[in-house]
Amino acid sequence: MENGKNETRRMEKMENGKRKKESEKFGKNRSCPKCNSRMKTVKVSIQDADSPVTSYQCDNCGYFDFEKISITNAIEEIKAKESLLSIKQRIIRLSKDRLGMYINRDVARSLNLKGGEEIYVSIPDKNHLLVNINN
């Protein structure tokens, strides 16, 4: 147990060291690589990211850059929120003992499906239907 705590502390120190190096590299005295003017530090919000991102902006020429750690965290947050397409579909009765389902044309187009093609259907459990398309 003590070994785990030491490892956690060591990892925290490494992360803090990275942040310190990053802040030294992109500190308040950072100059613009294009016009050599002083850049200001601004916290900005990125769409679909919860945490703010540190941006370094030049008022003179408009050049900007992001702090590596904060932009990487924002990208990871955005990726975590991305999900696969999920559409509510209605099951239709084809005949007395056959059911069917319409496939939205956008889904069919994105999967390159054509009428009459064969697909493979698996049922991994009672709540999921898995369709495998071998184009």
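Odds and ends about this structure:
Results for (1) at pLDDT 90 or above; (2) out of contact with any helix residue (DSSP H, G or I) (no Cβ under 9 Å at 6 or more places or on another chain), shown as yes or no for each residue.
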{"site": "Val42", "(1), (2)": "yes, yes"}
{"site": "Ala74", "(1), (2)": "yes, yes"}
{"site": "Glu82", "(1), (2)": "no, yes"}
{"site": "Ile87", "(1), (2)": "no, no"}
{"site": "Ile92", "(1), (2)": "yes, yes"}
{"site": "Asn112", "(1), (2)": "no, yes"}
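- For segment 54-70, a tally of residues being touching a Phe, Trp or Tyr at 6+ places or on another chain (Cβ under 6 Å) and either among the aromatic types (Phe, Trp, Tyr) or within 25 Å of Ala80 (Cβ to Cβ) (or both) returns 4.
- Segment 103-118, residues that are surrounded by 10 or more Cβ atoms within 10 Å (Cβ to Cβ) and more than 30 Å from the chain's Cα centre (by Cα): Glu117
The values are calculated or read from the model by the stated rules, or taken from the named source; none is laboratory data. Remember, predicted model here, so these are calculated numbers, not experimental data. Positions of Cβ are generated from backbone atoms using ideal geometry, with glycine treated the same way; all protein chains shown enter the neighbour counts.
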